[in-house]
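Structure first, commentary second.
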Amino acid sequence: MWYKYLLFTLVILTLSIAAQEKDSVKTYDLSEITVESSIAIEPKPITKLDQKFLTSFDGRSVYETGFFIPSIKPQTNSRGESLFYIRGSNERQLGLFFDGAFINIPWDNRIDLSLLPTTSLSELKIIKGIPSIIYGANHIAGVIIGTSQNNQTSRLSGNISTQFSDLNQRKLSISLGKRINNFSVYVSASHYNRDAYALPKDFDNLENPSKLRTNSYQQTNSIFIKAGYNYQKLSNINASIQYLNSEKGVPPEINVANPRYWQYPVWEKTSLNIFGKHSFTSLKNSSIDYVFNIYNFNMQINDFNDPSYSQIANIEKNDDVVLYGRMIYTTLLGSNSIVRFSLSGYSTNHKESFLTNDFQDVLYIQNVYSTGIEHEFLWNRFTAILGLSLDGTYSPETSIHESNRSLISVGFNLTTKYSIDDNLSAQLNFGRKSRFPSLREAFSDGLGRFIINPDLKAETANEGEVGLQFLFPNGTLYTNLFLNYLQDGIVRDVIKLNNEKKFKRINKASILSYGFETQASYELSKKINTGFQFSYLRSSAKNTTIGEYSDTLEYKPEFISSLFLNYSIFKNFTSLAEVSTIHNEYGYQEGYEFFRKLPSYFLINLRLTYNIVLNKGQNLQLFGRVNNVFDKLYYTQWGLPEAGRQFYLGVNYKF
């Protein structure tokens with residue numbers, strides 16, 4: 001235990017140490033979190049997290065990165081899934097992509113982000129709001145795009161990382177890459193384990209009498225292999241295999257009528273992805289981008305009677321096979337015009353079985369498709385994109401429920417950007433897009449917690465936003481105003497049935513959300529970098545079809561903010577402070593009929609880093625981190641207290 005107190009003391013002391021040398025080696029630069037515009041794709045603002053940021057943050061999974069992205073609220077739900085909310089929109093309204101492949105599990109249209117390691121990532125991009133039509137159907141709140149690492153040199157390179165904490169918590173990862181003429185190979189593997197996590201000292205509840213969170217163990221292993229080939233600078237093709245395997249416990253909700261006593265003994269995903277680009281001429285004025293992906297997902301939920309986890313009440317087994325494809329044909333028309341044609345879609349085959357039904361398979365099938373055309377026009381300082389799409393879905397198999405259910409929607413996006421001068425640009429965006437209910441939303445009773453609603457309609461977002469981006473000598477500033485009108489928004493409601501309260505997913509007539517967000521980074525001196533983000537959101541639903549916008553909605557915080565401060569104490573030695581806060585948020589607490597306000601929270605993390613430059617291209621980084629420095633008790637969802645103060649020691653070796 002001694003190392004905890006030593007590390008904490010060192011962190012506090014070094015924040016006040018005066019600088020001794022002018023030279024510094026930065027391990028964390030807020031300019032690496034940038035809002036950028038890519039004319040080759042679209043001029044909408046993009047938040048980009050590069051590999052250096054992902055490494056410096058020490059996030060063992062994609063989930064941890066969300067605490068410091070504008071307008072994103074990370075949240076762990078009662079199923080134990082770690083998810084993102086963007087501008088108050090829930091996780092099912094987002095699209096998650098890795099090397100072009102759609103990685104949401106279509107059965108529920110989401111995925112547990114805590115089980116997605118960052119080891120193989122070179123960067124993450126977040127596009128908020130209604131994105132380009134090239135991303136396909138259902139993404140009405142934005143897309144998160146991950147890109148794997150790509151070795152550019154003939155020299156063997158890679159990274160080895162270890163990270164340790166108490167309660168047998170450890171993270172080990174390794175990645176290797178090499179290019180041989182026109183071929184490239186990249187391999188990564190990671191392991192994460194924890195026996196439990198500790199609760200804050202202020203937590204006191206007989207339902208979790210121990211200071212360790214009940215049933216909070218987790219173990220996750222991953223392997224990623226990618227091979228690529230470039231042909232005469234005209235084409236490239238890549239093939240990758242990814243294997244994820246995890247088992248974890250679901251901490252039970254506190255102070256609710258019917259907590260889940262769940263464990264996931266099986267969470268396994270195997271994926272094959274083929275992707276690339278082909279240019280039809282050496283001038284590269286027309287090309288086709290393509291992605292073909294197939295994966296199998298297996299999951300098992302053990303449902304227990306009580307917190308002793310000794311007697312099983314039910315077992316649910318899920319088996320999903322998903323086929324996904326996307327093709328984008330791009331051609332230049334003259335010197336200032338680009339046209340894209342997009343075709344994408346997936347087919348999902350979901351089987352589930354239950355112990356209480358002697359594990360008889362129940363089959364669900366859903367097909368989702370999208371086709372569209374997009375015209376991009378560039379003239380001097382002005383860029384405009386107009387896109388039109390036709391999205392559709394049909395479900396030929398829905399167990400005992402009505403089958404052949406089909407829905408169609410038409411969408412559009414208009415995105416404009418004007419560069420006022422070299423340092424100032426303005427953007428104006430409009431869009432309309434629908435999201436179809438997932439199979440689970442419409443047909444699953446959630447092991448008895450939900451009432452099914454096969455008549456759920458698609459929800460349609462109508463959005464507008466205006467933004468300004470300013471570049472100045474030592475930093476950047478971006479601010480954005482947005483308005484979203486959601487028709488037939490899918491929310492959960494509390495229904496009384498036989499003197500028992502259950503949830504039911506319903507369509508609200510309309511939901512109105514508006515707000516603004518700002519993000520900035522600034523280099524105060526050669527030794528100090530800082531940056532912040534702030535988001536404000538107001539969101540409410542109509543209480544009737546002709547009523548006012550007065551109904552409260554769950555888990556849409558009014559204020560989200562975070563601050564970074566990186567200080568180079570002396571050569572090769574840096575300290576980092578991270579601050580985040582969330583205020584004014586409401587949610588359903590099971591057993592209550594009405595929304596209850598969650599406690600606001602304010603968190604501080606600290607990190608110390610020492611860099612050792614070994615030989616050319618080799619770097620050894622030693623670090624210590626303290627998360628939740630003041631051991632604050634906080635909740636991202638009712639009944640689910642998060643971890644208290646956590647200490648980490650780690651080593652990163654890059655070569």
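The values are calculated or read from the model by the stated rules, or taken from the named source; none is laboratory data. Small disclaimer: the values here were computed from a predicted structure and weren't measured. Because the Cβ atoms are built from the backbone with ideal geometry, glycine has one as well, and the counts that use them run over all protein chains shown. Just the protein is used for accessible areas: all its heavy atoms, side chains included, with ligands, DNA and RNA removed. Shrake-Rupley method; radii C 1.70, N 1.55, O 1.52, S 1.80 Å.
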So, for region 326-374, what is the accessible surface per residue at a probe of 1.4 Å, expressed in square angstrom?
47
Rounded to a whole number, the Stokes-Einstein D of region 570-620 in µm²/s (Kirkwood radius over Cα pairs; 25 °C; 0.890 mPa s) is 162
Quick P(r) readout (the chain; Cα-Cα; 20 Å bins; whole %) gives 17, 54, 27, 1
Whose amide H sits under 5 Å from the amide H of residue 216, counting only residues 5 or more places off or on another chain, with H placed in the peptide plane?
197
Could you list, bin by bin from short to long, the percent of Cα-Cα pairs of region 535-627 in 5 Å steps?
3, 11, 14, 13, 12, 10, 8, 8, 7, 6, 5, 3, 2, 0, 0
Specify the inter-centroid distance of region 569-609 and region 348-367, based on alpha-carbon positions, in whole Å.
39
Would you please classify the overall shape of region 49-166 from the alpha carbon gyration tensor, given that a ≥ b ≥ c denote the square roots of the eigenvalues, rounded means a/c under 1.5, and beyond that prolate means a/b larger than b/c while oblate covers the rest?
oblate
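For 449, 607, give the ranking by accessible area with the largest first, probe 1.4 Å. Numbers along the way, then the final one.
Working: 449 30, 607 5 Å².
Of 449, 607, the descending order of accessible area is 449, 607.
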With at most 13 other Cβ atoms within 10 Å, longest stretch of the chain clear of loop GluC sites (Glu not before Pro) (DSSP)
208-401
So how much slack lies between residue 645 and residue 612, counting 0.36 nm per residue of separation and subtracting their Cα-Cα distance, in nm?
9.1 nm
Can you check what the Kirkwood hydrodynamic radius comes to for region 170-314, Cα pairs only, in Å to one decimal?
19.1
Any idea of residue 344's accessible area? Nearest 10 Å², probe 1.4 Å.
10
Report the accessible area of residue 107, computed with a 1.4 Å probe over the heavy atoms of all protein chains in place, in Å² rounded to the nearest 10.
20
Report the semi-axes of the equivalent ellipsoid for region 411-457 in whole Å, largest first, where each axis is √(5λ) for an eigenvalue λ of the Cα gyration tensor.
44, 12, 6
Taking N as the residue count of region 94-218, its alpha carbon Rg divided by 2.2 N^0.38 Å gives 1.41
With the calculation restricted to Cα positions, what are the radius of gyration and Dmax of region 208-265 in angstrom?
21.2, 65
Rg and Dmax [Cα atoms of region 511-588; Å; Rg one decimal, Dmax integer]:
18.8, 65
Roll a 1.4 Å probe over the protein heavy atoms and report the accessible area of residue 289 in Å², nearest 10.
50
Can you pull the three principal axis extents for the Cα set of region 87-133, in Å, largest first?
28, 23, 20
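Take the Cα atoms of region 242-342, build their convex hull, and give its volume per residue in Å³. Could the numbers behind the result be given before it?
Details: hull volume 15.8 nm³, N = 101.
Value for region 242-342: 157 Å³ per residue.
Please quote Rg/Rh for region 391-439 to two decimal places, taking the Kirkwood radius as Rh and restricting both calculations to Cα atoms. If you can, show how the numbers build up before the last one.
Values: Rg = 19.4 Å, Rh = 14.2 Å.
Radius of gyration over Kirkwood radius for region 391-439 works out to 1.36.
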Taking Cα pairs under 8 Å and at least six residues apart, what relative contact order does region 497-655 come out at, in percent?
14
For region 275-417, using Cα atoms only, the Rg and Dmax in Å read 22.6, 70
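What number results when the radius of gyration of region 130-195, computed over Cα atoms, is divided by 2.2 N^0.38 Å?
On the way: Rg = 17.9 Å, N = 66, 2.2 N^0.38 = 10.8 Å.
Against the empirical 2.2 N^0.38 Å value, I get 1.65 for region 130-195.
Tell me, what % of the accessible area of the chain is carbon and sulfur with a 1.4 angstrom probe? Intermediate values should be presented prior to the final figure.
On the way: 15940 of 27400 Å².
For the chain, the apolar C and S fraction of the accessible surface comes to 58 percent.
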With bins 10 Å wide starting at 0, give me the P(r) of region 382-490 over every alpha carbon pair, in whole percents.
12, 29, 23, 18, 12, 5, 0
Distance in Å, no decimals, from the C-alpha centre of region 234-276 to the one of region 379-444 is 26
Relative contact order of region 557-613 (C-alpha contacts under 8 Å, at least 6 apart) in percent is 36
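Ordering 532, 102, 602 from largest to smallest accessible area (1.4 angstrom probe), what's the sequence? Don't skip to the answer; put the middle values down first.
Numbers: 532 85, 102 10, 602 110 Å².
Solvent-accessible surface, decreasing: 602, 532, 102.
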